[in-house]
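Q: This is the structure I want to talk about, given as structure tokens.
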Amino acid sequence: MMSCARAGQLLEGQINQDLSWTGLLELRAHLVICSICRTYRRQALEIRRLVRTAQRPDQTLKMPEIVKTRIARRIAEATELGP
Ligand SMILES: [Zn+2]
């Protein structure tokens, strides 16, 4: 089974619109079984939306990094505690 770390890489690719169709299939298959990555994806897409709609460049650079770090830590914790 694909790891959440791998899924995260594919997800970044999808968000940057730089993901092959095989990668997309891999990612979809993982999202079906992994609620953590589904949550991560939803939040990542929300971040992308915020970045796109944000007017001030200094905010677009700083805020998403903080959020990404928090989400990554949460995934790491969930992975350690998971089954
Ligand atoms: Zn996952």
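Q: Using R₀ = 22 Å, calculate the FRET efficiency as 1/(1 + (r/R₀)^6) where r is the Cβ-Cβ separation of residue 77 and residue 52; round to 0.05.
A: About 0.15, to the nearest 0.05.
Q: Please state the relative contact order of segment 4-81 as a whole percent: Cα pairs under 8 Å, 6+ residues apart?
A: The value is 25 percent.
Q: Given the rule -39500 (n - 2.57) for each run of at least 4 DSSP H residues, summed and divided by the residues of the chain, what is its mean residue ellipticity at 222 nm, to the nearest 500 deg cm²/dmol?
A: -28000 deg cm²/dmol
Q: May I pose another question? At 0.36 nm per residue, minus the direct Cα-Cα distance, what do residue 66 and residue 3 gain on full extension? Give it in nm, one decimal, please.
A: In short, 20.4 nm is gained.
Q: Suppose each label sits 7 Å from its Cα in the direction of the beta carbon; what would the residue 17-residue 45 distance come out to in nanometres?
A: In this crude spin-label approximation the distance works out to 1.6 nm.
Q: Separate question: Where in the chain are the helices, taken as whole DSSP H runs, whose Cα atoms extend 18 angstrom or more along the long axis and whose Kyte-Doolittle mean reaches at least 0.0?
A: Passing helices, by number: 21-33.
Read-outs: derived from the displayed coordinates by stated rules, not from any lab. Keep in mind the model is a prediction, meaning the values are calculated, not measured. Backbone-built Cβ (ideal geometry, glycine too); neighbour counts: all protein chains shown.
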